[in-house]
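A short worksheet on the structure shown next.
The values are calculated or read from the model by the stated rules, or taken from the named source; none is laboratory data. No experiment lies behind these values; they were computed from the predicted model shown. Here the Cβ positions follow ideal geometry from the backbone for every residue, glycine too, while neighbour counts run over all protein chains shown.
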Amino acid sequence: MEGTLNVRTDLALEAREDIKPKKGEIDGVIMSVIPENNLIKVTFVEIQNERGSSLMKKPCGKYYTVEASDIQYGNDEYKEEVSKVIHKYLRELSYASTGMKNPRVLVVGLGNREVTPDSVGPNAVDMLEISENIMGVAPGVLAQTGMETARIVKGIAAENRPDLVIAVDALAARSTKRLNTTIQLSNTGIHPGSGVGNHRWGITEENIGVPIIAIGVPTVVDAPTIISDTLDNILSELQPDSDIKKLNNDNKYELIKKLIMPEIAQMFVTPKDIDATAKILGLIIANAINMTFDVNNTAG
């Protein structure tokens, strides 16, 4: 029987990597790598049924994960290339969700722009090319407005009748290597606050009444994850017969949570250059959305 997932991650790719089937593939989950070029890799994960959803702890649907390790430091040409890759799969998900080549979209920048790791969504909305075809809103968070974000989005969607909602949000990763270098697209909706374990009323097609595409970027990891990654490096230096080396990812994570101080276990950590990176990520995502839905853009 496949192992269940306990390690904290919002990425379907990491969830699949952490489940080790005894043989073959996981029933209800398929995964394939789509080579784009030497610097950008795309992995496709589809959760097809309730068994796969239960094992992965993610909703059924399609997930594209774009990995681009040089996002923060690459030149403008490289960042544009990342936008084009996101555009490619955003267009595919959009057409599959709506059956329309040029749907009218509402882009929702989730998160708190005053908390830098949580500002990718609002940054993306700030950089959109607003038009009759592209609407944008950054509704803030519950602590700022006193209202559930999903209910605000539902009201705006009911009034403006978009064909599609795109929700952009910050996520949490299991691996520090994927912080700010990974962008996930999915057709499963999103839960505001999921990046820090603060799940709210979901922005899903069921709740909003409109197809939803979620674009998420992991900008934080929790403290036990960082210690777990460090432990991996230590384990790689130990003798093969060491008992501690036989721990799997879930066991290591749970052991670390028990050993470290409770205050540290509740911490989420982000890289020191997050101010600049959050703006870069917002721009890359905004450019991809502009390419996809601006009816005057020849890239579509």
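Could you list, in sequence order, all residues of the range 180-202 that are buried (at least 23 other Cβ atoms within 10 Å of the Cβ), in contact with a helix residue (DSSP H, G or I) (Cβ under 9 Å, 6 or more places away or on another chain) and modelled with pLDDT under 90?
Asn180, Pro192, Gly195
Please work out which one of (1) among the hydrophobic types (A, V, I, L, M, F, W, C); (2) outside any helix (DSSP H, G or I); (3) under 17 Å from the mean Cα position of the chain (by Cα) is the condition Met100 fails and give its number.
Against the list (1) among the hydrophobic types (A, V, I, L, M, F, W, C); (2) outside any helix (DSSP H, G or I); (3) under 17 Å from the mean Cα position of the chain (by Cα), Met100 comes up short only on (3).
Out of everything in the range 151-183 that is of a type in the set (Gly, Ala, Ser) and touching a Pro at 6+ places or on another chain (Cβ under 7 Å), what residue ends up being farthest from Ala12 (Cα to Cα)?
Ala170
What tally of residues in the range 18-68 results from selecting those that are of a type in the set (Val, Ile, Thr), in contact with a strand residue (DSSP E or B) (Cβ under 9 Å, 6 or more places away or on another chain) and crowded, with 16+ Cβ neighbours inside 10 Å?
Going residue by residue through the range 18-68, those that are of a type in the set (Val, Ile, Thr) are 19, 26, 29-30, 33-34, 40, 42-43, 45, 47, 65-66.
With in contact with a strand residue (DSSP E or B) (Cβ under 9 Å, 6 or more places away or on another chain) added as a condition, the list becomes 19, 29-30, 33-34, 40, 42-43, 45, 47, 65-66.
Cutting the leftovers down to crowded, with 16+ Cβ neighbours inside 10 Å gives us 19, 29, 40, 42-43, 45, 47, 65-66.
Qualifying residue count, the range 18-68: 9.
Here is a check on your reading of the model: is Ile71 at negative phi, assigned by TED's automatic domain parsing to the domain that holds Glu159 and in a loop (DSSP other than H, G, I, E, B)?
Criteria met by Ile71.
Residues Glu92, Glu81, Glu77, Glu25: which one is part of a helix (DSSP H, G or I) and more than 23 Å from Pro218 (Cβ to Cβ)? Before the answer, list the steps.
On the way: Glu92 fails: more than 23 Å from Pro218 (Cβ to Cβ); Glu81 fails: more than 23 Å from Pro218 (Cβ to Cβ); Glu25 fails: part of a helix (DSSP H, G or I).
Exactly one residue qualifies, and that residue is Glu77.
Of the residues Ala173, Ala138, which is within 30 Å of Ala68 (Cβ to Cβ) and touching a residue at least 60 places away in the same chain (Cβ under 8 Å)?
Being within 30 Å of Ala68 (Cβ to Cβ) and touching a residue at least 60 places away in the same chain (Cβ under 8 Å) holds for just one of Ala173, Ala138, which is Ala173.
Looking for something β-branched (Val, Ile, Thr) and surrounded by fewer than 21 Cβ atoms within 10 Å (Cβ to Cβ) - is there at least one such residue anywhere in the range 113-121?
Scanning the range 113-121 turns up at least one residue that is β-branched (Val, Ile, Thr) and surrounded by fewer than 21 Cβ atoms within 10 Å (Cβ to Cβ).
For the range 147-168, enumerate the residues that are out of contact with any helix residue (DSSP H, G or I) (no Cβ under 7 Å at 6 or more places or on another chain) and not β-branched (Val, Ile, Thr).
Within the range 147-168, Met147, Arg151, Gly155, Ala158, Glu159, Asn160, Arg161, Pro162, Ala167 meet the criteria.
Would you say Arg178 is free of Cβ contacts under 8 Å to residues at least 60 places away in the same chain and more than 24 Å from Gly209 (Cα to Cα)?
No, not satisfied.
Could you grab the pairs with beta carbons closer than 8 Å, sequence gap of 6+ or different chains, first residue in the range 201-217 and at positive phi, second one of a type outside the set (Lys, Arg)?
Gly209/Ala157; Gly209/Ala158
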